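Step one of this worksheet: look at the structure below.
The values are calculated or read from the model by the stated rules, or taken from the named source; none is laboratory data. If you're wondering where the values come from, they're calculated on a predicted model, not measured in any experiment. FYI the Cβ positions are ideal-geometry reconstructions off the backbone, even for glycines, and counts take in every protein chain you see.
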Amino acid sequence: MTIALRYLLSRKSHGAVNVISAISVMAVAVAAAAMIIVLSVFNGFSSLAGQKLSKLDPDFRLTPIAGKTMEGVDSLCTVLRSIQGVAAAEPEITEQAFAVAGERQMGVMIKGMTDTGLKASGVGDVIIDGAQTFHGSFLDSDTDTVPHDGALLSVGVAMQLNLRPTHGLCDFEIYEPRREGRINPANPMGAFRKRQMRAKGVYQIEQEEYDRSMILLPYRTAAELLNYDDAATAIAVTAAGGTDTEYLADALQKATAPLGIEVKDRFQQQEQAFRMIAIEKWITFLMLGFILIIASFNIVSTLSMMMLEKEGNMNIIRAMGGTKSLTDRIFVNQGWLIVILGGTAGIIFGSALVLCQQHFGWIKLNAADPSLMSLDAYPVLLEPSDLLVCMLSVAAVALLITPAILLLRRK
C-alpha cells in the first residue's frame, strides 16, 4: 500500500499521466458528491411533505374497513377520548360535491371538520390569504346579521372560482346530491341540497391531493348536506405531547378492532405518496451509481498507463525477490486508493454543501410570486444512512475494478 501511495502522489515522467490521474480522482469525487446531494434533496422534500401533510393528516385516522361510513361516532369519540394519550378525537366527513361562485363552477372534495379538529390540525399555519380574518374556527367574527357557514379553500379552488377573502370575493354555494328520497324531473335542482358558504381563508399545503380541489367546512354543515345522523367517514385522533405513538396505535387498534375499523398513522395515510418519493430517490441513486461505475473505467485506463510507465520499477522489484502477486497488488491498491480518495473527498464535499444549504439556504426557489410559497430555499436533509450507503457504493466500485486491473496485469 505504501508503494502504491507513493506512485499515486509522485510526479510522472509524462505530464498527461498526472492530468489523467487527477481527472480519475475528480470523476469519482463528483459522482460521490452528486449521490450525497441528490439523496439529501429527496430527503428534504420527503421531510417537507411530512411536515405539510401533518396540517391536515392527524396523528391517527380511523376509517371503516368495509363501507364508507361508520355509525355512532359520538359515543365512539367519547370512548377514544378516554384512552390515555389521546388529546382529541373528532369525526370527519369527506365527500365529493359541486361548488359555484357566480358564473364559475367546479367539482370539489369537501371535508367536514369540527372546530376542535380544525385547531388540532394546525392548518392555520399554511393560510396564504385571509389569515387576518381566520381565527382557527369556522365561526365568523364579523358583524354580519345573516348567519352563514365559513369555509377554508385550497389554493386550487380559490383560483378556479376566483375567490379572494381579503378582496371581498368570498361568497359561494355548495351543492350535494340528495342521498334519499325521490327526484322530480320537473325540478332537477330539487335533487340537490344547497348551502350558502363564505370563504374565510385560502390555504396551500403544497400537496396536490389537498391543494387542487378541497374545501374545509363545518362538520355539521357536511352532515346536513349528506343527511348523516351520527355518522362519519373517519375519526381524526390527535396524540397528546410526549405520547408513545406505537403504544397509542396499539391501544386504538384494540379498542376499535371489534367494530371493523382500521387505524392508520400519519405516514400510512399517505403511504403511496411517500412510496413514490422513495422510489424516485433510489432510482436516481442507481443512475448515479451507474455513472460512478463508468467513472471507474477511467481509473482502469489510468492504471494501464501507469503500468507502462512503471514497468522498469516492477522489473527491479521482481529482481529483488518480489513476486508477481506483489507487483499486481501494488496496482490493485493504487486503484483502490484512487476510488477511496476520490469517494471520500466527494462525500465530504457533498456533505458540506448539503449542510450549508440546510442551515443557510443559499440556493433559492424561483417563483413569479414568492409570497405564495411556504419556503424560499431548496429543502435538503443529510441522513447518516445515506452517508453509509454512499461509502458502501464507493467500496463496491473499488472491488469491482480489481478483476479489470488483474486482467491488465496478465497481458
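A few remarks follow.
- Taking helices (runs of 4 or more DSSP H) as the structural unit, those lying wholly within the stretch 192-310 and holding at least 1 residues that are more than 30 Å from Trp336 (Cα to Cα) and among the β-branched types (Val, Ile, Thr) correspond to 219-226, 245-256, 271-309.
- The lone criterion from (1) surrounded by fewer than 18 Cβ atoms within 10 Å (Cβ to Cβ); (2) modelled with pLDDT under 70 left unmet by Leu388 is number (2).
- When the residues of the stretch 206-225 are filtered to those that are surrounded by fewer than 23 Cβ atoms within 10 Å (Cβ to Cβ) and of a type in the set (A, V, I, L, M), the one that is nearest to Glu92 (Cα to Cα) is Ala223.
- Residue check for Arg104: among the charged types (D, E, K, R) and closer than 15 Å to Asp265 by Cα: no
- Each residue in the stretch 47-77 was checked for being part of a loop (DSSP other than H, G, I, E, B), touching a Phe, Trp or Tyr at 6+ places or on another chain (Cβ under 9 Å) and among the basic types (Lys, Arg), and 1 of them qualify.
- Checking every residue in the stretch 30-43 against the condition of being assigned by TED's automatic domain parsing to the domain that holds Ala232, at pLDDT 90 or above and of a type in the set (Ser, Thr, Tyr) gives zero matches.
- Flag if Ile23 is touching a Leu at 6+ places or on another chain (Cβ under 9 Å) and farther than 29 Å from Asp125 by Cα: no
- Residue within the stretch 9-28 that is modelled with pLDDT of 90 or more and crowded, with 18+ Cβ neighbours inside 10 Å present: no
- Here is the figure for the stretch 290-316: residues that are crowded, with 20+ Cβ neighbours inside 10 Å and either modelled with pLDDT of 75 or more or of a type in the set (Gly, Ala, Ser) (or both) total 4.
- Residues in the stretch 65-105 that are on the phi > 0 side of the Ramachandran plot and either among the hydroxyl-bearing types (Ser, Thr, Tyr) or touching a strand residue (DSSP E or B) at 6+ places or on another chain (Cβ under 9 Å) (or both): Gly72, Gly85, Gly102.
- Here Ala66 meets the list (1) surrounded by fewer than 16 Cβ atoms within 10 Å (Cβ to Cβ); (2) modelled with pLDDT of 90 or more almost entirely, failing just condition (2).
- Complete set of residues in the stretch 169-191 that are at pLDDT below 80 and either assigned to a loop (DSSP other than H, G, I, E, B) or touching a helix residue (DSSP H, G or I) at 6+ places or on another chain (Cβ under 9 Å) (or both): Arg179, Glu180, Gly181, Arg182, Ile183, Asn184, Pro185, Ala186, Asn187
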